[in-house]
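Derivation of every value follows stated rules applied to the coordinates shown; laboratory data play no part. Since this is a predicted model, take the numbers as computed values, not measurements. Backbone-built Cβ (ideal geometry, glycine too); neighbour counts: all protein chains shown.
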Amino acid sequence: MQITENIQRLKKSVPSHVGIIAVSKTIPEDDILEAYHCGHRLFGENRVQELTRKHANLPHDIEWHMIGHLQSNKVKYIAPFIAMIHSVDNLNLLTAINHEALKNNRTIRCLLQIKIAREESKYGLSLEGANKFLSDPEFALLKNIKISGLMGMATFTQDTTLIRSEFRHLASCFRQIKADHFRQDNDFCELSMGMSGDYTIALEEGATLLRIGTLIFGSRT
């Protein structure tokens, strides 16, 4: 029952309007089911193969989020069921998502990933790149996707001042992009930032979606 207790404890510390995505990568399906049976429905995965397997084996009212880097040629495997893709960082990927969404008669919600961390290994667009992306005539042709907000990953560090500045930058990008491209679009409302080690800072800086793994499922071995 530790997972149930962890979720209950976490939800007491998070405002009710903020979504908690339980990051279930490498987590056994029995553990996911424990979280499910205590009422949790939002789960996030990083790898397409693992995500499709879990979707097939677990209850179909789970809302699956793709939070890892996604290759265009893998979109077709998750397009029939994915609730949201957090990691869109180029127009070719978004075009592939739109194509597969159309084939499945769906509109898929997506977040633009902004690079806010200092690590070179992190993916993402700059604010300038995001504005260029959204102003591209090709973007306007994509009718089966919905840009719902932004996602970012902070630097992996104990420096809370740096983490806060990166989250604050992401929130600033959100406000600018909202004003310039989605002023009349109420669906552009999500700011996905914050993980087990820094979610309290993310909340203070305006997160609406948290990606929490360790605090729910414990440390991965």
Phi-derived 3J(HN,Hα) across the stretch 2-18 with the Karplus relation (6.51, -1.76, 1.60, θ = phi - 60°), rounded Hz, x for Gly and Pro, is 4, 5, 4, 5, 4, 5, 4, 5, 5, 5, 5, 9, 10, x, 5, 7, 9
Burial-style ranking of 179-186, 61-68, average other-beta-carbon count within 10 Å with highest first, yields 61-68, 179-186
Out of 148, 24, 172, a Gaussian network model of the chain with alpha-carbon springs under 10 Å gives the largest mean-square fluctuation to 172
Applied in sequence order to the stretch 184-193, the curve 6.51 cos²θ - 1.76 cosθ + 1.60 (Karplus, θ = phi - 60°) yields integer Hz couplings, x standing for Gly and Pro, of 9, 9, 5, 6, 7, 9, 9, 10, 8, 7
Amide H proximity to residue 147 below 5 Å, modelled H, separation 5+ or other chain, gives 110
The equivalent-ellipsoid semi-axes of the stretch 46-85, taken as the square roots of five times the Cα gyration tensor eigenvalues and listed largest first in whole Å, are 16, 10, 9
Sorted largest first, the Cα spans of the stretch 101-150 on the principal axes come out in Å as 39, 21, 15
D (µm²/s, integer) via Stokes-Einstein for the stretch 1-126, Kirkwood Rh across alpha-carbon pairs, 10 °C, 1.306 mPa s: value 102
Amide H proximity to residue 116 below 5 Å, modelled H, separation 5+ or other chain, gives 153
Mean separation of Cα contacts under 8 Å (at least 6 apart) over the residue count of the stretch 2-217, i.e. the relative contact order in percent, is 20
One would report the Cα pair-distance distribution of the stretch 91-221, bin width 10 Å, in %, as 12, 40, 32, 14, 1
Phi-derived 3J(HN,Hα) across the stretch 131-140 with the Karplus relation (6.51, -1.76, 1.60, θ = phi - 60°), rounded Hz, x for Gly and Pro, is 5, 5, 3, 6, 8, 5, x, 5, 4, 5
Contour minus Cα-Cα span, residue 121 to residue 5, at 0.36 nm per residue, comes to 38.4 nm
One point scatterer per Cα, no solvent, Debye formula: log10 I(q)/I(0) for the stretch 1-60 at q = 0.15, 0.21 Å⁻¹ comes out as -0.45, -0.83
